[in-house]
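Trainee: Below is the structure I would like to discuss, written out as structure tokens.
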Amino acid sequence: MSMELIAMLGGSLSGFVMKLIAAQTQSQAAQLESMLKKQGVADDSADRAAKRDGVAGQVVRRTIALCTLFAVIFAPFILAFFNEPVTIEANPTGGIFGFIFGNLFSKGNGWVELQGYVLLPEVRQTMLALVGFYFGSSQVK
């Protein structure tokens, strides 16, 4: 092989490698730009969703939180001063119509009067979720 042929093959090979590296770099740059555009669109959508919530959503959430706090913390102390019983269903039949037609078809005890304040499991679970949310969000700041 002559020197000119070897130089021509070496030059074409190095040109091919450089062109390949440039094409890969350009492809990565285009991919990065596309990802940045997608992230910008996602951020814009999240910002618009946060603005859409408005004051009404905050009022509803705060009302639920205050009612739950009242039911768990203040109501037991306030209702301890009154001597009024709480009436609950002793043997519910369940089902979709158990609340409406429960006493018609059941042979249970019916309604029972209790002295004190009944704290439902749902209220306790709501309180646990509220405490976890507020303490968790305070840890993030």
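Trainee: Suppose we filter ALA30, ALA7 for residues that are aliphatic (A, V, I, L, M), at pLDDT 90 or above and over 30 Å from TYR134 (Cβ atoms); which single one remains?
Mentor: Checking each option against the conditions leaves just ALA30.
Trainee: Consider only pairs whose beta carbons are under 8 Å apart and that are at least six residues apart or on different chains; among these, list those whose first residue lies in segment 60-71 and is modelled with pLDDT of 90 or more and whose second residue is assigned to a helix (DSSP H, G or I).
Mentor: Final answer for the pair search is none.
Trainee: Output the number of the condition that PHE105 fails; it satisfies all remaining conditions of (1) modelled with pLDDT of 80 or more; (2) among the aromatic types (Phe, Trp, Tyr); (3) surrounded by 10 or more Cβ atoms within 10 Å (Cβ to Cβ).
Mentor: (1)
Trainee: Residues TYR134, TYR117: which one is touching a Pro at 6+ places or on another chain (Cβ under 6 Å) and either at pLDDT 70 or above or exposed (fewer than 13 other Cβ atoms within 10 Å of the Cβ) (or both)?
Mentor: Working: TYR134 fails: touching a Pro at 6+ places or on another chain (Cβ under 6 Å).
Sole residue among the options that is touching a Pro at 6+ places or on another chain (Cβ under 6 Å) and either at pLDDT 70 or above or exposed (fewer than 13 other Cβ atoms within 10 Å of the Cβ) (or both): TYR117.
The values are calculated or read from the model by the stated rules, or taken from the named source; none is laboratory data. Please read all numbers here as calculations on a predicted model, not as lab measurements. Virtual Cβ from ideal backbone geometry, glycine too; neighbours counted across all protein chains shown.
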